[in-house]
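The values are calculated or read from the model by the stated rules, or taken from the named source; none is laboratory data. These figures come from a predicted structure and were not determined experimentally. Ideal geometry is used to build each Cβ from the backbone, glycine not excepted, and the neighbour counts take in all protein chains shown.
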Amino acid sequence: MNIADLIAWFEGWANPAWQESWDNCGWQVEPGVLNQTPRVLVCLTPTLAVLQEAIAEGANLIFAHHPLIFSPLKSFRAEDWVAQMIGLALSHHIGIYSAHTNFDQVADGTADVLAQLLNLQEAVPLVLTPGGGYGRVGRLPTALTLQELLNQIIIQLRPTHLCYSPAPETQAVQTVAVLGGSGASYLEAAVSAGAQAYLTSDCKFHQFQTSRDQGLVLIDAGHYATERPACNLLAQTFTTLDVEWAKLSQADEDFRLHYPVTAISSS
């Protein structure tokens, strides 16, 4: 198997044609590596730290969830980190490929992996799409209290923070919706699906209010924590193929750190 074969296999599973109109899936940098034997570093976001890791590991392909390039570039300047990434990738012959909203939709994509981690039964998409659907909603094997569900999320995702809309921690929850990354725009779909709790990220203040008013517990575990597990599974999947080397990046970053808040005396 060469890199061209690997990409063809992946696109047979998660077709870039399923991406949203604003998205940029597929090749970000292709420096003539298609015929090479793949050494793949999988990451959530392609950054200079990830590229330096790829150079150190002798990788020839960075397989990222988030695109390196979202908008058409009008210039390349030395101080621009995207230009630096492109220059380093070309000079070290490392391809950069992105699977974003197409990967969100498919079986074993970002939403599916969250459903699997919570062991949701008979999970179905929140919103149907050509590639399968965004989000998943299913039932826990047995009802949990909200506190038990939050604890399960912490164990499985290890988020740096966990925010949720006001609800008693003793409240029973069995029907749960999930969507990795920014999923607050699907609140109404979660309500319509009968979800009692909805796990996603990047939620705003008034979206927590809206969910509370509609009887839905909105849970924000952070963008990184809700999408990184799918990258991990993808790296494992590559190792089951005829791929010489595949690894999950250890230089991937969560761009939101949370300072511990403690009581401060005013005296």
With region 26-113 as the region, which helices (runs of 4 or more DSSP H) entirely inside it contain at least 2 residues that are touching a Cys at 6+ places or on another chain (Cβ under 8 Å)? 101-105
Just to be sure, is Gly26 surrounded by fewer than 17 Cβ atoms within 10 Å (Cβ to Cβ), out of contact with any His (no Cβ under 6 Å at 6 or more places or on another chain) and touching a residue at least 60 places away in the same chain (Cβ under 8 Å)? no
Residue check, Asn119 against (1) outside any loop (DSSP other than H, G, I, E, B); (2) of a type outside the set (Lys, Arg); (3) outside the structural domain of Gly12 (by TED's automatic domain parsing), all met but one. Which one? (1)
State whether the residues of region 6-13 include one that is of a type outside the set (Ser, Thr, Tyr), part of a loop (DSSP other than H, G, I, E, B), out of contact with any His (no Cβ under 9 Å at 6 or more places or on another chain) and surrounded by fewer than 19 Cβ atoms within 10 Å (Cβ to Cβ). no
Taking into account only those residues within region 46-66 that are of a type in the set (Gly, Ala, Ser) and over 16 Å from the mean Cα position of the chain (by Cα), which is farthest from Asp5 (Cα to Cα)? Ala49
Can Ser185 be described as on the phi < 0 side of the Ramachandran plot, among the hydroxyl-bearing types (Ser, Thr, Tyr), without any contact (Cβ under 8 Å) to a residue 12 or more places away in the chain and assigned by TED's automatic domain parsing to the domain that holds Thr142? yes
Which condition breaks for Leu90 when tested against (1) closer than 30 Å to Ser21 by Cβ; (2) buried (at least 16 other Cβ atoms within 10 Å of the Cβ); (3) touching a residue at least 60 places away in the same chain (Cβ under 8 Å); (4) not charged (D, E, K, R)? (2)
Of all residues in region 205-218 being touching a residue at least 24 places away in the same chain (Cβ under 8 Å) and in contact with a helix residue (DSSP H, G or I) (Cβ under 7 Å, 6 or more places away or on another chain), the one that is nearest to Asp104 (Cα to Cα): Leu218
Note: among Thr210, Thr240, just one is polar (S, T, N, Q) and over 30 Å from Ile7 (Cβ atoms), namely Thr210
